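Notes follow the structure.
The values are calculated or read from the model by the stated rules, or taken from the named source; none is laboratory data. Not measured: the values here are computed from a predicted model. So basically every Cβ, Gly included, is an ideal-geometry build from the backbone, and we count neighbours across all protein chains shown. SASA here: full protein model, heavy atoms, side chains in, ligands and nucleic acids out. Shrake-Rupley method; radii C 1.70, N 1.55, O 1.52, S 1.80 Å.
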Amino acid sequence: MKPAAFDYVRAESLDEALGVLAAEGGDARILAGGQSLMAMLNMRLAKPEVLIDIMRLAELDRIEDESGTVTVGAGVRQATLMAWPGLGAKLPLAALALPWTGHVQTRSKGTVCGSIAHADPSAEMPLVLLALGGSVHLRSAKRRRRLAAGDFLTGMMATARADDELIEAVSFPVVAGGRCAFREVARRQGDFAIVACAAVGTRTGVRLAVGGVADVPVARDWPRLDGSALDDALNAFAYELDARDDLHATARYRRDLVRLIGRDLVREVLS
Amino acid sequence: MSRLASDRRAPVRFTLNGASAEGEAEPRLLLTDFLRHQIGATGTHVGCEHGVCGACTITIDGHLARACLTLAVQIEGCAVRTVEGLAPAPDRLGTLQSAFRRHHALQCGFCTAGILMSLDHFLREHPAPGESEIRDLLSGHLCRCTGYTPIVRAALEAAVELARNAGGEKG
Ligand code: FES
Ligand code: FES
């Protein structure tokens, strides 16, 4: 369990990191907090030729709160966002989900953007980004673009990032006065989610997002539903997620969790 | 730009438990192996090598870290603390270590170095923790021997003692 050999670049500026990415393309990987990538290197699930360490770039270690959007730079660790004084008021959903994101010992290193770049289907940060309708800021040496979370996350550990791009930041819209709720079932808190659900109040009703079931987190927007209309919507959603059996849970158990947790969260947000 | 070639060893200078230290590492060398094999600091243990078991937990610049998910070259210029730094003297245990001993919070000891580092870091910031906070912290570690209960007891007792001696010996 040792990584294959690679060159290591300690980037001293963002341009430098982008230059190496432009030159090396898919042979290079960005190393941020390392809590997912390093494990993949150790298991040789990833064998890049070059690692570009961006954690010494102060310009990426920023949380900006501007005009209804909180933008979290690629160097911001999960523990840093958790300790950000504005979190509870501006991003209550992230405040609820972060304690479920890994453990104290991994949040101290792992970054918010890194978790989204890794795109594990059961991870909390991509789920929160999707539930809030957030976006991913991609940058290469040639261009910058922004993708909605749903367009960025394309499959299990697959994203729309091009080989020469890195995630510069992600932005979460502040849902003013909005209600939200989060619940997860995992073997232990901090382990991978069997099912994680996030609900957010919208102008017309509620959005429910589910992680850990399909290849990507999936969200549905509903009007104010309750009673059997809500049960029917949840049941249809649970089946549309195409749950699979695995080591941790059966597909049926996952569908049950989506229905049960989903109903509680939707009611909580709409109440 | 500093680019270290895959097949070359680069110097790594850092401080280990307050003393300056230095070694050489190829980019792919994990910090666990660097500390144990190059520096000779074998207190940091290696279990899973993918961030799950917690045996290798240390602090880097005051933040908890899995040494197995860290490259040796990344600690250039950093302050690293390992379990070797906990005892006040070679023949004396720190407060937390003594509590572990009294409560039989270790059997084989494989997990202990990492758990001590997590608790040492945590108790500095949370002088009066509750049991659930300790258990939450321990969820980042696997222990195959103790069933965790003695570890929780030792941690709670050490917290009280440390708070009482605040300003005195830490450990
Ligand atoms: S050896 Fe590092 S977490 Fe298991
Ligand atoms: S004491 Fe043996 S693994 Fe914890």
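Relative contact order of the range B:95-164: 54 percent, from C-alpha pairs under 8 Å at least 6 residues apart in sequence. Which of the listed residues, A:Ala149, B:Gly147, B:Phe122, is farthest toward the dipole's positive end in the protein assembly as shown, when Lys, Arg count +1 and Asp, Glu count -1 at the beta-carbon? Towards the positive end, the residue furthest out is B:Gly147.
Applying the criteria of a DSSP loop state and at most 11 other Cβ atoms within 10 Å to the trypsin sites (Lys or Arg not before Pro) of the range A:32-90 yields A:Arg44. Annotation for the range A:105-206: trypsin sites (Lys or Arg not before Pro) lying in DSSP loop with at most 14 further Cβ atoms inside 10 Å of their Cβ are A:Lys142, A:Arg143, A:Arg187, A:Arg188, A:Arg203.
Residues of the range A:1-39 that bury at least 50 Å² of accessible area once all protein chains are present, compared with their chain alone (1.4 Å probe, heavy atoms only, ligands and nucleic acids left out), are A:Met1, A:Lys2, A:Phe6, A:Asp7, A:Tyr8, A:Arg10, A:Met38.
3J(HN,Hα) along the range A:49-59: 7, 9, 10, 10, 7, 9, 6, 9, 8, 4, 5 Hz, from the Karplus curve 6.51 cos²θ - 1.76 cosθ + 1.60 with θ = phi - 60°, whole Hz, x for Gly and Pro. Panel note: contact residues of the range A:156-193 (accessible area lowered by at least 20 Å² against the chain on its own; 1.4 Å probe) correspond to A:Arg188, A:Gln189.
Residues of B:66-76, mean number of Cβ from any other protein chain within 10 Å of their own Cβ, rounded to a whole number?
On the way: counts 10, 0, 4, 13, 4, 9, 1, 4, 9, 0, 2.
The per-residue average across the peptide is 5.
Compared with the dominant principal axis of the Cα atoms in chain B, helix B:112-125 is inclined by about 70°. Output the residues of the range B:4-19 meeting this criterion: accessible area (heavy atoms, 1.4 Å probe) in the chain alone minus accessible area with all protein chains in place is 30 Å² or greater. Checking the loss per residue gives B:Leu4, B:Ser6.
On the accessible surface of chain B, probed at 1.4 Å, how many percent belong to carbon and sulfur atoms?
About 50 percent, which is the carbon plus sulfur part of the accessible surface.
Using the Cα gyration tensor of the range A:162-271, with a ≥ b ≥ c the square roots of its eigenvalues, what is the shape: rounded (a/c below 1.5), prolate (a/b larger than b/c) or oblate (neither)? Verdict is oblate for the range A:162-271. Normalising the average separation of contacting C-alpha pairs (under 8 angstrom, six or more residues apart) by the number of residues puts the relative contact order of chain B at 22 percent. Inter-label distance, B:Ser132 to B:Thr15: 3.8 nm, where each label sits 7 Å from its Cα along the C-beta direction. Protein heavy-atom surface of the range A:179-270, 1.4 angstrom probe: 46% of the accessible area is carbon and sulfur, with nucleic acids and ligands not counted. Translational D (Stokes-Einstein, µm²/s) of the range A:110-157 at 37 °C and 0.692 mPa s when Rh comes from the Kirkwood sum over C-alpha pairs? Rounded, D is 298 µm²/s. By definition, a body whose alpha carbon gyration tensor gives a ≥ b ≥ c is prolate when a/c is 1.5 or more and a/b is larger than b/c, and chain A fits this prolate description. Across the range A:58-173, the relative contact order, built from alpha-carbon pairs under 8 Å that are at least six residues apart, equals 28 percent. Relative to the longest principal axis of the Cα atoms of chain B, the long axis of helix B:149-164 lies at roughly 90 degrees. The phi-based Karplus calculation (6.51 cos²θ - 1.76 cosθ + 1.60; θ = phi - 60°) puts the 3J(HN,Hα) values of the range A:140-151 at 10, 4, 9, 8, 10, 8, 10, 10, 5, 3, x, 7 Hz, whole numbers, x for Gly and Pro.
Heavy-atom accessible area buried between chains B and A is around 3000 Å² (1.4 Å probe, both sides summed). In terms of the Cα gyration tensor, with a ≥ b ≥ c the square roots of its eigenvalues, is the range A:46-162 rounded because a/c is under 1.5, prolate because a/b exceeds b/c, or oblate? Rounded. If only the Cβ of Lys and Arg carry +1 and only the Cβ of Asp and Glu carry -1, the dipole of the protein assembly as shown around its Cα centre is close to 560 debye. Across peptide B:51-60, the average count of Cβ atoms from other chains found within 10 Å of a residue's Cβ is 3. Legend: mean number of C-beta atoms from other chains within 10 angstrom of residue C-beta atoms, peptide A:219-226, equals 0.
For the range B:36-165, the direction-averaged projected area of the alpha-carbon convex hull comes to 7.9 nm².
In this structure the protein assembly as shown gives 43 Å² per residue of accessible area when probed at 1.4 Å with all protein chains present. Using θ = phi - 60° in the Karplus curve 6.51 cos²θ - 1.76 cosθ + 1.60, the 3J(HN,Hα) couplings for the range A:87-100 round to 4, x, 7, 8, 10, x, 5, 5, 4, 6, 8, 4, x, 8 Hz; x is entered for Gly and Pro.
Near the amide H of B:Leu4, within less than 5 Å, lie the amide hydrogens of A:Tyr8, A:Val9, A:Arg10, all on another chain or at least 5 residues away, with H placed in the peptide plane.
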